[in-house]
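Below is one structure, written out as structure tokens; comments come after it.
The values are calculated or read from the model by the stated rules, or taken from the named source; none is laboratory data. Just so it is clear, the model here is predicted, and its values are computed rather than measured. Cβ sites come from the backbone with ideal geometry, for glycine too, and all protein chains shown count toward neighbours. To get the accessible areas, we keep the full protein, side chains included, count just its heavy atoms, and leave off ligands, DNA and RNA. Shrake-Rupley method; radii C 1.70, N 1.55, O 1.52, S 1.80 Å.
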Amino acid sequence: MAFIPPVAGAGGGGPRRSVGERRPVLPVCGHASQRVRGGGRVGRSAPSPPRMTAAKTSPAQAEAQDVDFLPAQKPTKHDLATGRDPNRVKIFDTTLRDGEQSPGATLTGEEKMIIARQLAKLGVDIIEAGFPIASEGDFHAVHAIAEVVGNRPDPPIVCGLARALKADIDRCWEAIKPAAFPRIHTFIATSDVHMEHKLKKSRAQVLAITTEMVTHARSLCDDVEFSAEDAIRSDPEFLYQVFSAAVAAGATTLNVPDTVGYTTPNEFSRLIRGIRANVVGVEGVTLSVHGHDDLGMAVANFLSAVESGARQMECTINGIGERAGNAALEELVMALHVRRNYYNTRLGRTVGGPPLTNINHTEIYQTSRLVSSLTGMLVQPNKAIVGANAFSHESGIHQDGVLKNPETYEIMDARSVGLKDNSMVLGKLSGRHAFRSRLTELGYELTDEEVNRAFVRFKELADTKKTVSSWDIESIVNDEVRAVDAPRVALHRVQVSCGNLCVPTSTVSLSVVNGAGGDAAAAGDEPSAEVTTSATGTGPVDATFKAINSAVGELVDVALEEYTVSAVTKGIDALGEVTVRVRDGATGRRYTGNSSDTDVVVASAQAYIRAINRCTIAHEAPEPIHPQVFGAL
Ligand code: KIV
Ligand code: ZN
């Protein structure tokens, strides 16, 4: 049971304001005043403050009285069909789009589908499944997610990204239209620096494109989100004009991105208030926030924006994404949950009423592990909510306090995010049935063939290791999923000799498809005969990677950028999980590979070969288009 600190009691200190006294709407980014279009102040009828039992006013209540509460929101078709509270804060997950833009985090269509299923189970409201015009692969992945995940019971909205270009929007619509609730998300930059140097367009042109492209998107789909890229560094008056044009053209969500992670909580909050005060028709749409974590403030910025009227947050699992990443879903959601009394009060909602988000918290941990494993983006141990140390109390004094009363140092229970005691074991006598039910408990929906493959790995592991925990199972299943179909390079054998008195030496035997003609492998052509090479190195892993490099020869030229090994469970017989990131010498793009095995040299060789395979396969397709790296529209 999570510990919820009570709303500060009666008589708490802090500044007071008399009831009815309101803080004036603050200027945004140096603008001295804000006009309210259509006359009068922002048309919000403030509901009576939530009823509290305390006779006096707490600081949170006093502050809440300053806020322009949003009026009750009109339920959307999706809210009505899924029974979701229209007044919740909507969670828009962009792990599969912005998250996948992290260097090296490229996912296959199958991996995207597995993550999308888990996101639906987690209860996200919108899945941004990709950028369909980027490549054939992205198009098919978005289409498949729209078809499958977008039509499951209690489906999320499935969204695709499109630049403000007709071709992008048409391609996006083709990809998402099988979903029960499709959404087109189109965007154009509105800051002077982006318009001048990237788009090479004037303000008038950007305004006209907004109207034209939102109108076009709306002619295809009745749910259209419009983003003003780099909104934070845009001139607010121009931003209001662009947003007003987008609403007039039919946008149903307005998104305010902090593209470069530059804003601060108060500044973001003021901008949201400014938009509410100045954008014509804003009361009929959902205001959304999107932001990057370059200054480490993304989560704080979003929470501040929500207090000012934003009702959709665009975030990623584990906070992955461009550069320093996006706002982390798990941190936002748990902040709204653990501090729900505070946020309910600040948002003018009933304390003790329905949850602030639709997220099923107990799926958070599983989702985090899945995304980390499939993207190869490891979670730092001290990461809030999902890091390995997030719930451990190692220091003596804390441990003592926690044992006496968990509330001394814990504000939430690890079980509330789904961190279970996964040491429940299967042994070598466990049958296929027990194995399958453990997979189901872990959230995997696998075909019979996939279960069979994983079961073989499980039996092999159970022969080596006395007990197999859920984490081991998760690791071997993810290992199978990460294996590349039709690999260009395959490992047959690796053998090392090492120790304090010898030069570490490795011998590997691989099959390598000749030339870069990867279609050969896809078409079932014979791979080359086995190639065996040896190399020495500073250690057994270094020697192995050098031997692999010499075996693959001309096929690909990669440089190792990152190598990590971690133990899946405690104990000397633990599976070692290896993640490598390589840089392709030809394109500069990054690829990751990971693998697990009780022998870390084998896991290392497999992980390295997987990264090489991803790189080689990528050479065979045209370079995908990056949504934010493009010249004049
Ligand atoms: O960061 C950003 O501005 C984006 C937009 C495409 C929404 O990702
Ligand atoms: Zn972004």
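Name the residue, out of GLU307, GLU363, that is on the phi < 0 side of the Ramachandran plot, away from ligand 2 (no atom under 16 Å from the Cβ), over 15 Å from the mean Cα position of the chain (by Cα) and open to solvent by 10 Å² or more (accessible area, probe 1.4 Å). Break it down into steps so the answer makes sense when it comes.
Values: GLU363 fails: over 15 Å from the mean Cα position of the chain (by Cα).
That would be GLU307, the only listed residue that is on the phi < 0 side of the Ramachandran plot, away from ligand 2 (no atom under 16 Å from the Cβ), over 15 Å from the mean Cα position of the chain (by Cα) and open to solvent by 10 Å² or more (accessible area, probe 1.4 Å).
Between a first residue in segment 146-168 that is more than 28 Å from PHE243 (Cβ to Cβ) and of a type in the set (D, E, K, R) and a second residue that is away from ligand 2 (no atom under 16 Å from the Cβ) and not in a loop (DSSP other than H, G, I, E, B), which pairs have beta carbons less than 7 Å apart while being 6 or more apart in sequence or on different chains?
Here the result reads ARG152/ALA120; ASP154/THR82, each pair linking segment 146-168 to a residue that is away from ligand 2 (no atom under 16 Å from the Cβ) and not in a loop (DSSP other than H, G, I, E, B).
Do you know which of the residues in segment 97-156 that are hydroxyl-bearing (Ser, Thr, Tyr) and more than 14 Å from the chain's Cα centre (by Cα) is farthest from ligand 2 (Cβ to nearest atom)? Show your work before the answer.
Keep residues of segment 97-156 that are hydroxyl-bearing (Ser, Thr, Tyr), which gives 102, 106, 108, 135.
If we keep only those that are more than 14 Å from the chain's Cα centre (by Cα) as well, we get 108, 135.
On the way: THR108: 22, SER135: 19 Å.
Looking at residues that are hydroxyl-bearing (Ser, Thr, Tyr) and more than 14 Å from the chain's Cα centre (by Cα), I get THR108.
Output the number of the condition that GLN73 fails; it satisfies all remaining conditions of (1) open to solvent by 10 Å² or more (accessible area, probe 1.4 Å); (2) more than 20 Å from MET334 (Cβ to Cβ); (3) touching an Asp or Glu at 6+ places or on another chain (Cβ under 7 Å).
Failing condition for GLN73: (3).
Restricting to segment 301-313, what's the tally of residues that are within 14 Å of ILE232 (Cβ to Cβ) and either in a strand (DSSP E or B) or of a type in the set (A, V, I, L, M, F, W, C) (or both)?
Of the residues in segment 301-313, 3 are within 14 Å of ILE232 (Cβ to Cβ) and either in a strand (DSSP E or B) or of a type in the set (A, V, I, L, M, F, W, C) (or both).
Can you name every residue in segment 83-112 that is crowded, with 20+ Cβ neighbours inside 10 Å, part of a helix (DSSP H, G or I) and either more than 16 Å from ligand 1 (Cβ to nearest atom) or not assigned by TED's automatic domain parsing to the domain that holds ASN255 (or both)?
Within segment 83-112, GLU111, LYS112 qualify.
Which residues, counting only those in segment 601-626, are modelled with pLDDT of 90 or more and open to solvent by 10 Å² or more (accessible area, probe 1.4 Å)?
Within segment 601-626, VAL601, VAL602, GLN606, ARG610, ARG614 meet the criteria.
Of the residues that make up segment 577-598, is at least one surrounded by fewer than 20 Cβ atoms within 10 Å (Cβ to Cβ), under 21 Å from ILE473 (Cβ atoms) and among the acidic types (Asp, Glu)?
no
Regarding ARG218, is this residue in the same structural domain as THR286 (by TED's automatic domain parsing), at pLDDT 95 or above, in contact with a Phe, Trp or Tyr (Cβ under 7 Å, 6 or more places away or on another chain) and not in a strand (DSSP E or B)? Write out each step before concluding.
Details: in the same structural domain as THR286 (by TED's automatic domain parsing): yes; at pLDDT 95 or above: yes; in contact with a Phe, Trp or Tyr (Cβ under 7 Å, 6 or more places away or on another chain): no; not in a strand (DSSP E or B): yes.
So ARG218 does not fit the description; no.
Could you pull out the residue among SER566, SER511, SER528 that is surrounded by fewer than 20 Cβ atoms within 10 Å (Cβ to Cβ) and modelled with pLDDT of 90 or more? Before the answer, list the steps.
On the way: SER566 fails: modelled with pLDDT of 90 or more; SER528 fails: modelled with pLDDT of 90 or more.
When all the criteria are applied, what remains is SER511.
Restricting the search to segment 157-189, which residues are part of a strand (DSSP E or B), open to solvent by 10 Å² or more (accessible area, probe 1.4 Å) and within 23 Å of LEU199 (Cβ to Cβ)?
Matches in segment 157-189: ARG163, PHE187.
Of these, GLY325, GLY321, GLY309, GLY296, which one is more than 14 Å from ligand 1 (Cβ to nearest atom) and over 26 Å from ASP79 (Cα atoms)? It would help to see each step written out before you state the result.
On the way: GLY325 fails: more than 14 Å from ligand 1 (Cβ to nearest atom); GLY321 fails: more than 14 Å from ligand 1 (Cβ to nearest atom); GLY309 fails: over 26 Å from ASP79 (Cα atoms).
Of GLY325, GLY321, GLY309, GLY296, the one residue that is more than 14 Å from ligand 1 (Cβ to nearest atom) and over 26 Å from ASP79 (Cα atoms) is GLY296.
When the residues of segment 190-205 are filtered to those that are outside any loop (DSSP other than H, G, I, E, B) and either in contact with a strand residue (DSSP E or B) (Cβ under 9 Å, 6 or more places away or on another chain) or without any contact (Cβ under 8 Å) to a residue 12 or more places away in the chain (or both), which remaining residue is surrounded by the fewest Cβ atoms within 10 Å (Cβ to Cβ)?
From segment 190-205, those outside any loop (DSSP other than H, G, I, E, B) are 192-199, 203-205; that's our starting set.
From what's left, either in contact with a strand residue (DSSP E or B) (Cβ under 9 Å, 6 or more places away or on another chain) or without any contact (Cβ under 8 Å) to a residue 12 or more places away in the chain (or both): 194-199, 204-205.
On the way: HIS194: 21, MET195: 21, GLU196: 12, HIS197: 11, LYS198: 18, LEU199: 20, ALA204: 8, GLN205: 14.
Looking at residues that are outside any loop (DSSP other than H, G, I, E, B) and either in contact with a strand residue (DSSP E or B) (Cβ under 9 Å, 6 or more places away or on another chain) or without any contact (Cβ under 8 Å) to a residue 12 or more places away in the chain (or both), I get ALA204.
Determine which single condition GLU212 fails, assuming it passes every other condition in (1) within 14 Å of ligand 1 (Cβ to nearest atom); (2) among the charged types (D, E, K, R); (3) free of Cβ contacts under 8 Å to residues at least 60 places away in the same chain.
(1)
Run THR316 past the list (1) within 30 Å of ARG590 (Cβ to Cβ); (2) over 19 Å from the mean Cα position of the chain (by Cα) and report the number of the one that doesn't hold.
So the condition that THR316 fails would be (2).
I'd like the residue in segment 221-253 that is outside any helix (DSSP H, G or I), farther than 15 Å from PHE92 by Cβ and over 21 Å from the mean Cα position of the chain (by Cα) and, out of all such residues, is nearest to ligand 2 (Cβ to nearest atom).
Initial filter on segment 221-253 (outside any helix (DSSP H, G or I)): 221-230, 234-235, 249-253.
Narrowing the set further to residues that are farther than 15 Å from PHE92 by Cβ leaves 221-222, 228-230, 234-235, 249-250.
Still in the list and also over 21 Å from the mean Cα position of the chain (by Cα): 221-222, 234-235, 249-250.
Working: CYS221: 21, ASP222: 25, SER234: 15, ASP235: 20, ALA249: 22, GLY250: 23 Å.
Checking each candidate, the answer is SER234.
Of all residues in segment 254-280, which are open to solvent by less than 10 Å² (accessible area, probe 1.4 Å), touching a Lys or Arg at 6+ places or on another chain (Cβ under 8 Å) and either within 16 Å of ligand 2 (Cβ to nearest atom) or aromatic (Phe, Trp, Tyr) (or both)?
Within segment 254-280, just GLY261 meets the criteria.
With in the same structural domain as THR316 (by TED's automatic domain parsing), in a loop (DSSP other than H, G, I, E, B) and among the β-branched types (Val, Ile, Thr) as the only criterion, which of VAL124, VAL148 stands out? Full working, then the answer.
Details: VAL148 fails: in a loop (DSSP other than H, G, I, E, B).
Of the residues listed, the single one that is in the same structural domain as THR316 (by TED's automatic domain parsing), in a loop (DSSP other than H, G, I, E, B) and among the β-branched types (Val, Ile, Thr) is VAL124.
When you check ARG270 against the structure, is it away from ligand 1 (no atom under 16 Å from the Cβ), of a type in the set (Lys, Arg) and farther than 24 Å from THR76 by Cβ, yes or no?
Details: away from ligand 1 (no atom under 16 Å from the Cβ): yes; of a type in the set (Lys, Arg): yes; farther than 24 Å from THR76 by Cβ: yes.
The answer is yes for ARG270.
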